[in-house]
Amino acid sequence: MATKIYDSHTHSDNSPDGYHSVTFLCENAIRKEMAGFALTDHCDINVYFQDKYDKTIRQSNFEMLKAKSIFSDRLELSAGVELGQPLQALENAEHVLSSYDFDFVICSLHNNLNQQDYYFINYNDPDLDIKALFDRYFEELMETIAWGKFDVLGHLTYPLRYMNGIYKKNYSFLDHYYDEVVAVLKGLIERGKGIEINTSGLRQPVGVTLPDLPYLKLYKELGGEILTIGSDSHTAQDIGAGIREGILLAKEAGFTHYTFFHERKPKMIKIED
Ligand SMILES: [Zn+2]
Ligand SMILES: [Zn+2]
């Protein structure tokens, strides 16, 4: 029996950088014979009202509830959210979490406080203080884990998608921030939280999942169990992309199951031989 395919990180056109409707995502997931997916539209908390995420996340949630009633006999659907930078405007994060009954909450860090997205940083800039940048990245990850109102930490190693992918720096947090990576993973495990294998990197110049195999092995060694796999698709074509590769990586790292969330509870999906 083949392992069931669940994609736990997807965006619809209710994300500013997403292209397709929730209905179209569902139709593509069925066509690809997926078991289910979580819709995790962006909700960047630091610009929650300014960029109208209060409205787009309401629409995202509403459309997913409708999709559940239409597609429930063919797909397991999880109404989720990708909360970006919750600590940078905590009252907005609390507001969105208390406003909806999410099935699944990914928490992501796309930028340091009052700085641009790691995507926009020029990693060749001689004035860039890379130590200050990543010291703060790990500090905020630890503070976010202590806050803890989420299920899974999104795309750990996100800055490397660009620093290694675009700028070819071949940088590893395991070389420069090993103790901090261990602290992040242990902190998540102790609080019953998980990580994801974000497979978007497989479709991008960085060429590896976020995080990739050495981090997954370390997470397993430390006792990690909750592990979702997500394409981070922004189009209907990409839904489910790389999930099979992610399952093989999870298996290689020693996992016998991966995770899909419903009603904020982890369901363990057996990885078949
Ligand atoms: Zn993200
Ligand atoms: Zn995303």
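The values are calculated or read from the model by the stated rules, or taken from the named source; none is laboratory data. Keep in mind the model is a prediction, meaning the values are calculated, not measured. Please note: Cβ atoms are built from the backbone with ideal geometry, for glycine as well, and neighbour counts cover all protein chains shown. Ligands, DNA and RNA are excluded from the accessible area calculation, which covers all protein heavy atoms including side chains. Shrake-Rupley method; radii C 1.70, N 1.55, O 1.52, S 1.80 Å.
Observations
- Most positive-pole-ward Cα, Asn164, Ala132, Leu213, against dipole of segment 6-270 from beta carbon charges: Leu213
- Test item: Cα-centred dipole of segment 27-99, Lys/Arg +1 and Asp/Glu -1 on Cβ, debye: 280
- DSSP beta bridge pairing in the chain, given as percent antiparallel to the nearest 5: 25
- Charging the Cβ of each Asp and Glu at -1 and of each Lys and Arg at +1, and nothing else, the dipole of segment 158-273 about its Cα centre rounds to 180 debye.
- Amide H contacts of Ile197 (H built 1.01 Å from N, in plane; Pro and chain starts excluded): Thr228, Ile229, Gly230 sit under 5 Å, all sequence-distant by 5 or more or on other chains.
- Ranked by the mean number of other Cβ atoms within 10 Å of their residues, highest first, the peptides 192-204, 209-221 fall in the order 192-204, 209-221.
- Among Asn198, Leu109, Leu83 - extreme Cα towards positive end, dipole of the chain, charges at beta-carbon: Asn198
- Exposure ranking of His176, His262 by accessible area [1.4 Å probe, largest first]: His176, His262
- For Glu33 and Phe62, a Förster radius of 25 Å and the Cβ-Cβ distance give a FRET efficiency of 0.40, rounded to the nearest 0.05.
- Under 13 Å from the His95 label point (7 Å along Cα→beta-carbon), backbone N, segment 34-50: 44-50
- Computed helical MRE - 222 nm, the chain, DSSP H runs ≥ 4 contributing -39500 (n - 2.57), nearest 500: -11000 deg cm²/dmol
- Column: log10 I(q)/I(0), Debye, Cα scatterers of segment 131-273, q = 0.11, 0.21 Å⁻¹: -0.39, -1.45
- Using distinct alpha-carbon pairs, which all enter the 1/r mean, Kirkwood radius of the chain in Å: 18.6
- Charge dipole magnitude, Cβ of K and R +1, D and E -1 - the chain, Cα centre, debye nearest 20: 660
- Here the 3J(HN,Hα) profile of segment 181-189, calculated from phi with Karplus coefficients 6.51, -1.76 and 1.60 at θ = phi - 60°, is 4, 4, 4, 4, 5, 5, x, 5, 4 Hz, Gly and Pro shown as x.
- Spin-label model, Asp51 to Ser72: label points 7 Å out along the Cα-to-beta-carbon direction sit 3.3 nm apart.
- Of Asn92, His42, Ala67, farthest towards positive along the dipole that unit charges on Lys, Arg, Asp, Glu beta carbons give segment 38-107: Ala67
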